[in-house]
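Report on one structure; see the data block that follows.
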Amino acid sequence: MPEVDPVVQQVVARHGGDPSHLLQILIEVQEVFGYLPAPSLTAVARELAVPRSRVEGVAGFYSFLYPAPIGRYRILFSDNITDQMLGSRALLEALCRKLWVEPGKPSEDGLVSIDTTSCTGLCDQGPAVLVNGRAITRLDYRRVNEIAELVRKAVPLDRWPAAFFQIEDNVRRRDALLGPTFQPGSALAAALKLGPAGWLEQMRLSGLRGRGGAGFTTHVKWKSCRDAAGPDKVVVCNADEGEPGTFKDRVLLASHAERVFEGMALAAYATGARTGLVYLRGEYRFLLEPLRALLDRMRGDGLLGRSILGEKGFDFDIDIHLGAGAYVCGEETALLESLEGKRGTPRIRPPFPVTRGYLGRPTVVNNVETLAKTTLISLGGGAAFAATGTAQSTGTKLLSISGDCALPGIYEYPFGVTIERVLEDCGAGDAQLVQVGGASGVTIAGYEFQRRIAFEDVPTAGAFMVFDSGRDPFDIARNFVHFFAHESCGFCTPCRVGTALLKGYMDKLALGRGAKVDLADIEWVDRLLRNASHCGLGSSAANPVVDTLIKFRPSYERRLKSLEFEPAFDLDAALADARRITGRDDPAAHLDGGRGR
Amino acid sequence: MTKQFLFDGQPVEFEDGQTILEAARAAGHYIPHLCWHPDFPPHGSCKLCIVKAGGRHVSSCALPAREGMEVESNTPEMNAERRALLQMLFVEGNHFCPSCEKSGNCQLQALAYELEMATARFNHFFPDRPVDASHPDVLLDFNRCIFCELCVRASRDVDGKSVFALTDRGIHKHLVVNAESGRLGDTDFSVDDRAANICPVGVILRKRVGFALPIGSRKYDGAAISVVAMKEGE
């Protein structure tokens, strides 16, 4: 192993000794050592002149940072329900057997560790694994055998078969965004002709709403940021696509990134921002080099940097930060904390990011798809954009479709499309239920398939997971509950404890040990999660359970040992010793007044 | 003209920038809280101070009061939810009040009495949290930590030492100290630090003064926390 201090000094110097780059620094230090040895945290703290406790706090927060030794090959199986349905758990066990390791424990020789991780965004080509951060798709037993062999022989990852790492776009339906070819620079040129105010007016006319799930009107966000006090404004692209079952941003970044980056420049033009940041989830590490290369090309073409397209004073550039395995960082204020090199804990709002965001500067945070869509508005005008979709949900929406269907992949539809129509198109003939919007979304039962994908009916960030009649709704909800318990940041009491409690109840039910009182407790915990949580993660963590309890209650009830209350022990019998000692056996010495005898 | 909102049906005056909790306290209304402290900015993690404002649940410690707002706080509904939050805090740690040195001086215990928490309701987690007795003057018993981060904030913002921080996440979140060894004795922590004297529960304890004041004569033994907190301004 190389010496700690020189490595750390080099990495810290590369980041200009900037403490706000702490997360990026830790990621890069770990790339050298395979994990983060305790002395490396001390060295990072010293070089950045920050307390070591802060460094340790950050290192412990992110799933992909390892403060304890881990295998030289770190194999993480995507554990989304769709991966499980494709047999991921059996494949994990097979690989563990082949390599003589237990899940979650590094092998004794330190060669390999095998574990699970939250959805890696490859649901349409799963089961998927990450090996040292690189994604491998379409796992089967043959591939598992090959991986075991490669690991045993310690073949470097770069020499593994290229086919392993092949990732498909699987675009199945193209509409306004995915259909036409895009001429880089054309959208910016069109907006420059309008001027910042004219361009913002087109955004207003378009009615574009955020594609990340919350559906906030984009032009209002931009306008608030433009009007906020503070000179150095920031545009952030939220590419932390962590919602289980969502992978449309991966496809946009893989094949349409010039639209996304140009969308960021369009946001900068409207708001006056000069700094652009992309927060790319760690699972999409494989996109980092291609995206950086594209940024370089755009700088060369005058689409980024100083005086963009020759417009004096229009200076804007983009940097990319990596996430490290934390779903909560998709929440915009947690994302900002993470961008600042901190633990990804959601902030108190207000103030909102548009007034006090990244490093206290006015900041626009937009989803990848939202930014890509702005190029359409610039090219075709706001009114034309608003002509498709519904009145409250204009334009089109990308759906990431996976699960029990013949043709999983990306589908672009105008908003307002019925779930029924989508199911027909993707070849799902036997759908029992659809989970729209991912783990935090809505469970749609068969009798609701007439409902529409739109903010005013069934909103979604893009996940659309299909489950056929052979699937058990309880198992689906339980998978999501495990996901939320794993991803809770732990900041607030209801989410930190509530998600862990919920996991315990669902596991108890899964073992067939539940009683009706457990269902009542589940509903009570759900209520606390919804009402008292600090952010959307906690308040939506209850959704899958609440929905399936209402719509598929028999799936829970058949797991109960008894429909009535089942105490663990007989309280009255436990008092027998006391009765013997006191020499009493009269009715008043019994809990039920002696009636039960 | 001064601005007002309704707190449990009673008019409460406030100044711009005041939070619901601050304004309510200034008007003599107690709202339960654990992570809030008058000397520090709102933190908003314990959620004991949740109230309903205009029908929506909000953290009263963090939300600025607004003219005409209708706030529900001391209602059966809100107190039931607060009680459940307390139960969550009790089961996630190891809280054995009868053997705890902080008994009678502990805000968690006092609030459990205040809100009539008779049982823990949920299954206990029984986490394994070894104590740290390495410091000459102070004992750390992590079993009782409720993650209010008051010690973290006090050490960072008042003492300028950052002796404490939280690491890991979710239910595995825990307190660590500013030393590669992980031992408090290897930090520059002092018994006179603000952080040494701010823990609302029994994590940070002075050595050699245990039970100096007998149980029965302690802070919350004679009066409820809702009374003590308002009288002593905390």
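The values are calculated or read from the model by the stated rules, or taken from the named source; none is laboratory data. Everything numeric in this text was worked out from a predicted model, so none of it was measured. Cβ sites come from the backbone with ideal geometry, for glycine too, and all protein chains shown count toward neighbours. Remember, those area values only see protein heavy atoms, side chains included, never the ligands or the DNA or RNA. Shrake-Rupley method; radii C 1.70, N 1.55, O 1.52, S 1.80 Å.
Worth pointing out:
- Crossing angle, helix B:76-92 versus chain B [Cα axis fit, 0-90 degrees, rounded to tens]: 10
- Within the protein assembly as shown: Cβ-based charge dipole about Cα centre, in debye rounded to nearest 20 (Lys, Arg +1; Asp, Glu -1): 360
- Along the range A:202-218 the Karplus relation, 6.51 cos²θ - 1.76 cosθ + 1.60 evaluated at θ = phi - 60°, assigns HN-Hα couplings of 4, 4, 4, 4, 5, x, 4, 10, x, 8, x, x, 6, x, 6, 5, 5 Hz to successive residues, with x for each Gly and Pro.
- Length added when fully stretched, residue A:574-residue A:220, from 0.36 nm per residue minus Cα-Cα: 121.0 nm
- Surface composition of the range A:396-471: carbon plus sulfur atoms contribute 47% of the solvent-accessible area (1.4 Å probe, protein chains only, all chains present).
- Rounded percent of accessible protein surface that carbon and sulfur make up, the range B:35-144, 1.4 Å probe: 52
- Listed residues B:19, B:187, B:119, most fluctuating in chain B (Gaussian network, C-alpha, under 10 Å): B:119
- Fraction of accessible area attributable to carbon and sulfur, the range A:260-361 (%, probe 1.4 Å): 51
- Charge-dipole axis of the protein assembly as shown as Lys and Arg at +1 and Asp and Glu at -1 on Cβ define it, positive-most pick from A:205, A:413, B:155: A:205
- Taking the C-alpha atoms only, the angle from helix A:141-152 to the longest principal axis of chain A is near 80 degrees.
- Taking Cα centre as origin and charging only the Cβ of basic (Lys, Arg, +1) and acidic (Asp, Glu, -1) residues, the dipole magnitude of the range A:22-144 rounds to 140 debye.
- Take the accessible area of B alone and of A alone, subtract that of the pair with a 1.4 Å probe, and the total buried over both chains is about 3300 Å².
- Burial of 50 Å² or greater, the range A:485-500 residues [accessible area, probe 1.4 Å, versus chain by itself]: A:491, A:493, A:496, A:497
- Simple rule: put +1 on each Lys or Arg Cβ and -1 on each Asp or Glu Cβ in chain B, find the dipole, and look at B:131, B:23, B:68; the Cα lying farthest toward the positive end is B:131.
- Per-residue ³J(HN,Hα) for the range A:412-429, Karplus 6.51 cos²θ - 1.76 cosθ + 1.60, θ = phi - 60°, Hz, x for Gly and Pro: 9, 10, x, 3, x, 5, 7, 5, 4, 4, 4, 4, 4, 5, 8, x, 10, x
- Heavy atoms of the protein chains alone define the surface here; on that basis the range A:73-168 has 44 Å² accessible area per residue at 1.4 Å probe size.
- Anisotropy class of the range A:443-562 from Cα gyration tensor, a/c 1.5 cut: oblate
- Those Cys residues of chain A for which no other cysteine Cβ falls under 4.7 Å: A:96, A:119, A:123, A:225, A:237, A:329, A:489, A:492, A:495, A:535
- Distance violations [Cα-Cα > 18 Å] among B:102/B:219; B:102/B:231; A:105/A:503; A:223/A:248; A:193/A:312; A:342/B:173: B:102/B:231; A:105/A:503; A:223/A:248
- Remark: the range A:337-388 carries 31 Å² of accessible area per residue (probe radius 1.4 Å; ligands, DNA and RNA excluded).
- Per residue of B:176-182, other chain Cβ atoms within 10 Å of the residue Cβ number 4 on average.
- Degrees, to the nearest 10: A:38-48 long Cα axis against longest axis of chain A: 40
- Trypsin sites (Lys or Arg not before Pro) restricted to the range B:9-109 and DSSP loop, no more than 15 other C-beta within 10 Å: B:66
- Our helix-only sum for chain A, with -39,500 (n - 2.57) per DSSP H run of n ≥ 4 divided by its residues, gives a mean residue ellipticity at 222 nm of -12500 deg cm²/dmol.
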